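Down below is the structure, laid out as structure tokens.
Values in this text are rule-based calculations from the coordinates and carry no lab data. None of the values given here were measured: they were computed from a predicted structure. Counting neighbours? That spans all protein chains shown, and the Cβs are built from the backbone with ideal geometry, glycine included.
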Amino acid sequence: MNVAESPMVQIATIAESMPGSLKLCYGESDMPTPDFICQAAHEAILAGHTFYTHTAGYPALREAIANKVFELHQVRYAPAEIMATVGATMAIYAAIRALVGRGDNAIVISPAYAIFSNGVIMAGGEPRPVPLARRGHGFALDLDRVRAAIDRNTRLLIVNSPSNPTGWMITENEQRALVEIADRHDLVLLADEVYERLVYDDEVEGSSPRAVAPSFARVETTRDRLIVVNSFSKTYNMTGWRLGWAQASAGTIKTMYRAAEFMTSNPAAMVQQAGIVALRDGERYIAELRDHYAQRRTQVMSALQAIPGVALPAPQGAFYAFPRIDAASDSTAFTAALVRKTGVALAPGVGFGSDGEGYIRVCFASTEATIAEALSRLRNFVMSGGS
Ligand SMILES: Cc1ncc(COP(=O)(O)O)c(C=O)c1O
């Protein structure tokens, strides 16, 4: 298969072999799943939730997801328009498999998590990365570049906002523009919104309890052209549980779960039950989590901005800082030398496509002390020449 090993694996392998290394290279928090969710899974097992479920998940979970989407975005989905999946990963793959075949291509707003391009390649298609432009202190969508990349074989337009790795968050106007482009060219939009609850606002002290990124669901013109994927992984620190979902038209959902039936089948029954409880009781936890990340974001931004030769676009969402570093024009060599010399593991930007070269990704879902130590070592490394 034509899927290359990620340069991230190289850095992670070095870090894992070094006791005491500081690993800010992964896309997850170092906090465990909260107790109320673990308790719910335990109770679900004892209550007999140990069998297969419908491939698309328990009806009660699909309904709970639909209710949460309505609560957050005031958009109604029927349970038949929701499918629970083995992480957003499975939702993304099932969506790509349903829509992309040999000879087709898919636009991927980049830099982006490698899952999208690799999913398209595994489906026999061609990924077409379209880079975000740098504007002021952040990234912005370049609609002309998007239009220029589309041809008659384009089937899918893939957008992840808030973005891993850049922290960029799409505006509602940009969403409307993409929906219009999708309508004009008969494309489907695949919107990865797994970081929708992790958004920060520089103007607001702290964070409002229901802060949420704009969803494409709010601006769709026809449900046949939109697949939204989401996940429990980042919102509830449930990465290892493997639970996510897709929202689309009932017809698209059916096509997707028919494919999932022969790949993963349903997500684990007790995990789905825990997911219902997470959706029901998790709002206070999410608000606390966002407050914690907001503080870490401030810490990371001021530490990075104080290093000469480092330019940091302000992350608006997710839990990553994505600075451009003069000394990291070869980001794989830079991060490999950094981890070997200092024990600090960061992700090379090129792991998110060639548009990410020259950047590195710092995950700030960690403790204040770990981040302070890691960034102090990064500073010394850069000041001493960065190799
Ligand atoms: C943008 C994005 N989408 C999807 C995923 C996968 O999430 P899940 O754990 O739900 O499969 C990740 C994980 O890092 C991610 O960053």
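Treating each Cα of region 1-130 as an identical point scatterer and ignoring solvent, apply the Debye formula and state log10 I(q)/I(0) at q = 0.20 Å⁻¹. Debye curve over Cα of region 1-130, log10 I(q)/I(0) at q = 0.20 Å⁻¹: -1.20.
Per-residue ellipticity at 222 nm from helix content only, as computed over the chain with -39500 (n - 2.57) for each DSSP H run of at least four residues, stands at -12500 deg cm²/dmol.
The distance from the alpha carbon centre of region 244-323 to that of region 328-365 is 22 Å, rounded to a whole number.
When the trypsin sites (Lys or Arg not before Pro) in region 15-100 are filtered for DSSP coil states and for at most 11 other beta-carbon atoms within 10 Å of their beta-carbon, the remaining sites are Arg76.
Hey, if you put +1 on the Cβ of every Lys and Arg and -1 on every Asp and Glu Cβ in the chain, which of Ser6, Tyr26, Thr50 ends up farthest toward the positive end of that dipole? Selected residue: Ser6. In terms of overall dimensions, the chain has a Cα radius of gyration and Dmax of 20.3, 59 angstrom. Distances between placed amide hydrogens fall under 5 Å for Thr154 paired with Asn105, all partners being 5 or more residues away or on another chain. Note on the chain: with charges restricted to the Cβ of Lys and Arg (+1) and Asp and Glu (-1), its dipole about the Cα centre is near 460 debye.
For region 1-62, applying the loop criterion from DSSP together with a ceiling of 13 other beta carbons within 10 Å to the chymotrypsin sites (Phe, Trp or Tyr not before Pro) yields Phe51, Tyr52.
Of the peptides 272-281, 38-47, the order by per-residue mean of other Cβ atoms within 10 Å, starting with the highest, comes out as 272-281, 38-47. Choose one of Leu141, Thr370, Ala260: the residue whose Cα lies farthest towards the positive end of the charge dipole of the chain (beta-carbon charges +1 Lys, Arg; -1 Asp, Glu; about the Cα centre). Farthest along the dipole direction, towards plus: Ala260.
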